[in-house]
Each structure stands twice: as structure tokens, then as C-alpha cells.
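What follows is a set of notes on a single structure, which appears directly below.
The values are calculated or read from the model by the stated rules, or taken from the named source; none is laboratory data. Only a predicted model underlies this, so the values are computations on that prediction, with no experimental measurement involved. Neighbour counts are summed over all protein chains in view; Cβ atoms, including those assigned to glycine, are modelled from backbone coordinates with ideal geometry. These area figures cover heavy atoms from the full protein model, side chains too; ligands, DNA and RNA do not enter into them. Shrake-Rupley method; radii C 1.70, N 1.55, O 1.52, S 1.80 Å.
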Amino acid sequence: LCKSVESILIASQRILFIDPYFKPWRNKWIETLERFISCATNKRTPILEYHLKIEDKDYIESDKGKEQFEQECNNNLKKLLPHGRRLTVFRWNVKDHCGELFHDRYVISEYGGVLFTVGLDSRGEGKTTRVVRLTENSRQKCWDSFQKESQLYEYVDKVEVIG
């Protein structure tokens, strides 16, 4: 996966990793994210963001759930970051009226983006996914969807992880 977005990771100042099903405590996502971060932060300090969908009611119905999620992010993601580098993990809900599913997975930046047909996780040796380069119009629509004023998704909260 990293090879297919390497040029975006190397050139960009702000990179959004988008996988609605990302779990910071599951190794299959950690392996891939570690490679993305290593490539993106080699002699550079880009802004790194991970966007996911809230699925687990345990993590949204109480302050304790938010604290648990924050602890999981810090326990598992901090070690992936070079010293002083930051990764912000954003959580979103789908707005009821939008009719849009939050299902696709992307790596996007101010310079371009790609869609992956399966998650941003390692699926094992020999497994493949289709990688689709986004048109500028599609990239901008996706980018706009993950800003706080989004028309499609409702911003819930964020966790700042610093290496």
C-alpha cells in the first residue's frame, strides 16, 4: 500500500489517512500506518491525520469511553511517530440526512489522493487491493468531507498523539 502512495507521502504537507474501520489496538492497521508514517516523515514534518467512523458505542456514550479510546491511541500509535511528531485521530458520525455511506478508504493530501477498495491494513502476504487515483474533483470532495464544517459527516472528537 505504501508504494502506491509514496509520491503523495513524500511531497505533501498535510496527509489524511481515512479508514472508517481503523482500530488503533489492532496490529493489522498499525503495520501499514507505521510504513506510511516512516515514508512521510523522512526528514520532514507533515501534518498527519487519521479519520475513522465511530462504531463502538462503548467509546461514545461516556467520558470513560473517550478516555479509553485516547489511551488506546497513545499506547499503540505514539511508538510509530518520530520524537516530537504528531498524529491527530479524528472520529466522525455519518449525518442522518446525507445519504452517504462512510465506507471507502483513502490517502489524500493537498496534492492528490487515492482510493483503496479495502482497508488501510495489512491483509497478509499475497493479498491485493485495487488502488484508484482520484480526479482533482473527487479529491477535493473527499478532503471537504473531513473538515469540521463537513456536510456529510459530523465531527465527534479528536485525539492528539505525540511521539
S145: open to solvent by less than 70 Å² (accessible area, probe 1.4 Å) and either farther than 23 Å from W29 by Cβ or modelled with pLDDT of 95 or more (or both), yes or no?
-> no
Pick from the stretch 37-71 the residues that are at pLDDT 75 or above, among the charged types (D, E, K, R) and more than 18 Å from R14 (Cβ to Cβ): which of them is nearest to the chain's Cα centre (by Cα)?
-> K53
Apart from one, (1) surrounded by 13 or more Cβ atoms within 10 Å (Cβ to Cβ); (2) at pLDDT below 85 all hold for G124; the odd one out is (1)
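Of all residues being open to solvent by 20 Å² or more (accessible area, probe 1.4 Å) and either among the polar types (S, T, N, Q) or out of contact with any strand residue (DSSP E or B) (no Cβ under 6 Å at 6 or more places or on another chain) (or both) in the stretch 111-120, which is modelled with the highest pLDDT? Just the residue, please. Lay out the reasoning, then the answer.
Of the residues in the stretch 111-120, the ones open to solvent by 20 Å² or more (accessible area, probe 1.4 Å) are 111, 115, 117-118.
If we keep only those that are either among the polar types (S, T, N, Q) or out of contact with any strand residue (DSSP E or B) (no Cβ under 6 Å at 6 or more places or on another chain) (or both) too, we end up with 111, 117-118.
Values: Y111: 93, T117: 82, V118: 78.
Out of the qualifying residues, it is Y111.
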